[in-house]
Amino acid sequence: MTVKWILHWTPTQGSVVNSQILNEISQCVESFNAVKDGRWKATLTFYRPNLRDPTIPSEFPRDFLGISLLEQPNKYYFIIRGNKIILEADSTILTIMEKLQSYKSKVALNFEYKMGDFQMKVVKVVPNQGESLRGILIEIEYLPISSIEKAKPIMEEFLELWREVMSKKSLPGHFSQAEPHFAEYKLPDNYTSQHTAIQYAAALAQLIASAQLRG
């Protein structure tokens, strides 16, 4: 397994995310001698309890997220951020969730990516059954090392180079990294798909909190 960092685009106040910004970010990726290598779509779903009276206290989690990942097509991950819990299930769990109707889907997001030589992916975030751009993520993957601590200085150095390239575009915003706090989920230093799922959940939570997804 490799180590990945997920960054989310934070627009400057008063600006919005649009296709022009997405295109310029893609050009920055290509300036790293990156090449397009296919397209993948997956869905991240926000679940909320399907309660008759939402004001009544419940033992159910108020909300949680579910996500599928490219490297684990037969798995599905649930992240309960409030309780710092991540669960790995077989992908057939989605059929069970639909039949139970205990939770309803609040928001679903599609992913598209472009991969380059350094395994960089540009992630276009759009609503389920929609095409309007609501957010942008960058996934940076370092292949040779699976230790999060050992990979950290290398990733930081690469991120500085990436920000230097981005600064030449003078775009209205910047990429930020939501600190996932893996230890709170009791995950080891050795990187796994669970680490990726938690990072996507943290990054998308930041996007959800922004005007770009509330609007």
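Which ones in the stretch 25-51 are at pLDDT 80 or above and within 14 Å of residue 121 (Cα to Cα)?
Residues satisfying the conditions are 25, 26, 27, 28, 29, 30, 31.
Applying the selection to the stretch 169-210, what residues are open to solvent by 30 Å² or more (accessible area, probe 1.4 Å), under 19 Å from residue 9 (Cα atoms) and free of Cβ contacts under 8 Å to residues at least 40 places away in the same chain?
Passing the criteria: 170, 179, 209.
Does residue 187 qualify as being out of contact with any Asp or Glu (no Cβ under 8 Å at 6 or more places or on another chain) and at pLDDT below 90?
Spelling it out, it is not the case that residue 187 is out of contact with any Asp or Glu (no Cβ under 8 Å at 6 or more places or on another chain) and at pLDDT below 90.
Output the residues belonging to the stretch 8-27 that are surrounded by 21 or more Cβ atoms within 10 Å (Cβ to Cβ) and not β-branched (Val, Ile, Thr).
8, 9
Please go through the stretch 73-93 and give me each residue that is assigned to a strand (DSSP E or B) and closer than 22 Å to residue 205 by Cα, ordered by number.
75, 76, 77, 78, 79, 80, 85, 86, 87, 88, 89
Residues 130, 116, 135: which one is under 19 Å from the mean Cα position of the chain (by Cα) and modelled with pLDDT of 80 or more?
Only one candidate qualifies: 135.
Restricting to the stretch 184-204, give me the number of residues that are at negative phi and outside any helix (DSSP H, G or I).
Looking only at that region, the number is 6.
Looking at 156, 88, which one is acidic (Asp, Glu), modelled with pLDDT of 85 or more and touching a strand residue (DSSP E or B) at 6+ places or on another chain (Cβ under 7 Å)?
Within the list 156, 88, the selection yields 88.
The values are calculated or read from the model by the stated rules, or taken from the named source; none is laboratory data. The shown structure was predicted, so the numbers you read here are calculated from the model rather than taken from an experiment. So basically every Cβ, Gly included, is an ideal-geometry build from the backbone, and we count neighbours across all protein chains shown. Keep in mind that these areas ignore ligands, DNA and RNA; they rest on the heavy atoms of the full protein, side chains included. Shrake-Rupley method; radii C 1.70, N 1.55, O 1.52, S 1.80 Å.
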